[in-house]
Ligand SMILES: [Zn+2]
Ligand SMILES: [Zn+2]
Ligand SMILES: [Zn+2]
């Protein structure tokens, strides 16, 4: 248990109670100014702390007024007499901070756990993550190719002291603990010394005002840039270290000192704009890394952002820049999901038009099938046509199964497959930069799965039954309609197939019940279907008579 862990009893019980009260009473109401920041944060993200409304009512009736422990894994408050977290089923004395996903959560460890009868709950899917982590693949590259890892304990000092903010130091403890316990910090891996980013390096991305505002928090008491974005006396240092680590990793990879790299950093970065601190993010680490890669010789940099939230900061910073291609997959819900940006029609502007690719999901619950389909049919064809010199992954793990904020369903295998696909680009020069992710077991297992691929493990072939859901197919079809004018590598045949899938689902839905008609996808598809199919057919005819560049590594044709 870490020294700063609330579960060890350092949490202010009064504020803990208030947090719970706020979470449960503020449900559905507008956020007021003086509510607990966690409650404000949960309300902002549309999270009410319960699975659904029915469960909500029963929880309310039986809720114990005295909260005694906060779950280390998911930061949900729990009553004293419970041994397992009501939300994620993690044991209250879990050793997840020392061993990450390698720790056993379902058996009691301490005095409390063994002295009392253990109330078994049904097993949460996130607990089964570690079982799925055995890859059968072989090593694909020689041992001389090294993975550089960037980490520094001082980034643990950035903390909303005494509260239980989801963006907490324990995230890095669990990730590093899991990498250590699974043997991924030895062998083909080496660490680079951490240093703070310089003013000049930060100014390639942020305004002097922005850098000054972050710097002004140095040595100051806890304060808030936005209701959900805090800074304590050490936050400015942590932010400079995170950006500095990403800078050095990017140039180490570009100059061949490292084959690829993993930046285990916080505070995260992708919501930070040129002059805006927000969404837990102070400096935009991935953007600083992109500029560092370019300073070290990369002409074109690809940033793939699989954090469940849209990286509004990264999009804004490279809005007009054709040398950085930004591709983001995110939960969007027509702008209702934080931060609301990331519409498919946002494609960059000026010289940067076409160098921003947004794949917005219209709901939660999106899993491996949709993510890997999107990689296969959208992300990889576009990325191959762009031909990056360096690939940066904005790797939030909050789309992971079990995440309390993301509500999506990506597994560690899914992250491994996505990493492996991207490793075929830019000569394998990949930098993974940690963004969000708030279920410690999920982020630790996911980070280990990514790390394993970076170190040369082939995760094996993509699943045979890989297929998008109607939501995924609709998102990709919409994206295709917008992006095909910029990227000729997008295959007409693929999207004709998605159109046919939507049609068949739509018909099946209408047969079953009138309530399920929405399964057919977005309204524009119903009205514009014939026009879209005609356009695709026409373009296919024209392609036959032209010598336009065509990438035939797509497995679908
Ligand atoms: Zn929990
Ligand atoms: Zn996120
Ligand atoms: Zn083809």
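Just to verify a number: FRET efficiency for residue 80 and residue 336, C-beta to C-beta distance, R0 = 51 Å, to 0.05?
Using R0 = 51 Å, I get an efficiency of 0.90.
Which length gain, in nm to one decimal place, applies between residue 209 and residue 424 when the Cα-Cα distance is subtracted from 0.36 nm times their residue separation?
Net length gain for the segment: 73.5 nm.
Each label point is 7 Å from the Cα along the Cα-to-Cβ direction; what then is the distance between the points at residue 385 and residue 154, in nm?
4.5 nm
When the Cα centres of the stretch 265-336 and the stretch 345-382 are compared, how far apart do they sit, in Å?
Between the Cα centre of the stretch 265-336 and that of the stretch 345-382, the gap is 14 Å.
Taking square-rooted eigenvalues a ≥ b ≥ c of the alpha carbon gyration tensor, is the stretch 346-388 rounded, prolate or oblate, where a/c under 1.5 means rounded and, failing that, a/b exceeding b/c means prolate?
Here the stretch 346-388 falls in the oblate category.
With a 10 Å radius around each residue's Cβ, average the other Cβ atoms per peptide and rank 185-198, 203-216, 162-175, highest first.
162-175, 203-216, 185-198
Post the alpha-carbon centroid distance, the stretch 176-202 to the stretch 410-471, in whole angstrom.
18 Å
Name the shape class, rounded, prolate or oblate, that the alpha-carbon gyration tensor gives for the stretch 324-429, where a ≥ b ≥ c are the square roots of its eigenvalues, rounded holds for a/c under 1.5, and otherwise prolate holds if a/b is larger than b/c and oblate otherwise.
Judged from the Cα gyration tensor, the stretch 324-429 comes out oblate (a/c at least 1.5, b/c at or above a/b).
In nanometres, what is the gap between the two model label sites at residue 537 and residue 257, each 7 Å from Cα along Cα-to-Cβ?
It works out to 5.9 nm between the two label points.
I need the peptides 456-462, 434-440, 423-429 ranked by packing, meaning the mean over residues of other C-beta atoms within 10 angstrom, with the highest value on top.
My ranking of the peptides, most packed first, is 434-440, 423-429, 456-462.
Bear in mind that the values in this text are calculations on the coordinates, not laboratory data. Everything quoted here is computed from the prediction, not taken from an experiment. Ideal geometry is used to build each Cβ from the backbone, glycine not excepted, and the neighbour counts take in all protein chains shown.
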